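The values are calculated or read from the model by the stated rules, or taken from the named source; none is laboratory data. Since we're looking at a predicted model, the values are computed, not measured. We place every Cβ from the backbone using ideal geometry, glycine too, and count neighbours over all the protein chains shown. Ligands, DNA and RNA are excluded from the accessible area calculation, which covers all protein heavy atoms including side chains. Shrake-Rupley method; radii C 1.70, N 1.55, O 1.52, S 1.80 Å.
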Amino acid sequence: MTREYHASAAAKLAGTARTILDEKGSTIFSINASASVYEAVAKMDECRVGALFVIEGGAPVGVISERDYARKVILQGRASKETKVAEIMSSPVISVEPGTSLGQCMHVMTERRVRHLAVVEAGRLVGVVTIGDVVRTIVSLQSQRIDGLHAMITGPYPD
């Protein structure tokens with residue numbers, strides 16, 4: 001299958017980034033770029049998340065994830081208490097608007113190879129959409145569609 005087919009199929013998926021935020025809320029877990037990587041990993045553990053947005057002056061400037069930690073600290077033999085978040089964060093932040101379709105969110109995540117999308121409205125970070133959120137929401141919406149079709153097919157015949 002071609003990328004064009006996948007992009008076309010993804011564009012037909014119902015729902016938007018806002019659909020996800022309405023369901024899960026818009027809590028944003030973040031940290032300052034000057035914090036140590038150790039502090040970031042401790043905060044990820046405390047919040048039970050795999051990534052934090054890095055905020056400077058109220059704006060997202062990067063993302064630090066468990067993957068960044070493993071590849072840029074552990075594998076390079078760096079000390080997590082001496083290494084700053086700014087030194088290993090992934091930047092720039094990949095973002096979408098609240099009205100971005102779930103299919104387009106999935107396409108962006110696949111093409112850019114990211115698991116976390118910032119949802120930005122009027123230049124302000126309003127939430128985070130993860131690949132898990134997108135998959136769960138698509139499965140739920142498709143299940144609802146199947147249930148509706150099943151009810152329509154097996155329901156009573158109109159008089």
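Overview of results
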quantity	calculated
Residues of segment 131-153 classified as free of Cβ contacts under 8 Å to residues at least 60 places away in the same chain and either outside any helix (DSSP H, G or I) or of a type in the set (Val, Ile, Thr) (or both), total	5
Among the residues listed as VAL119, VAL61, the single one being buried (at least 18 other Cβ atoms within 10 Å of the Cβ), touching a strand residue (DSSP E or B) at 6+ places or on another chain (Cβ under 7 Å) and part of a strand (DSSP E or B)	VAL119
Given (1) touching a residue at least 60 places away in the same chain (Cβ under 8 Å); (2) open to solvent by 70 Å² or more (accessible area, probe 1.4 Å); (3) over 28 Å from LEU141 (Cβ atoms); (4) not polar (S, T, N, Q), index of the condition LYS24 fails	(3)
Failed condition for ALA79, given (1) of a type outside the set (S, T, N, Q); (2) under 19 Å from ILE131 (Cα atoms); (3) not in a helix (DSSP H, G or I)	(2)
GLY127 open to solvent by 30 Å² or more (accessible area, probe 1.4 Å), among the small types (Gly, Ala, Ser) and touching a residue at least 40 places away in the same chain (Cβ under 8 Å)	no
Residue in segment 94-103 that is over 23 Å from ARG48 (Cα atoms) and part of a helix (DSSP H, G or I) present	yes
Any hit, segment 82-90, residues being surrounded by 16 or more Cβ atoms within 10 Å (Cβ to Cβ), assigned to a loop (DSSP other than H, G, I, E, B) and not polar (S, T, N, Q)	yes
Answer residue from segment 27-40, given it is open to solvent by 50 Å² or more (accessible area, probe 1.4 Å) and either farther than 24 Å from THR110 by Cβ or in a strand (DSSP E or B) (or both) and is modelled with the lowest pLDDT among those	THR27
Which numbered condition GLY57 fails, given (1) at pLDDT below 95; (2) under 26 Å from HIS107 (Cβ atoms); (3) out of contact with any Pro (no Cβ under 9 Å at 6 or more places or on another chain)	(2)
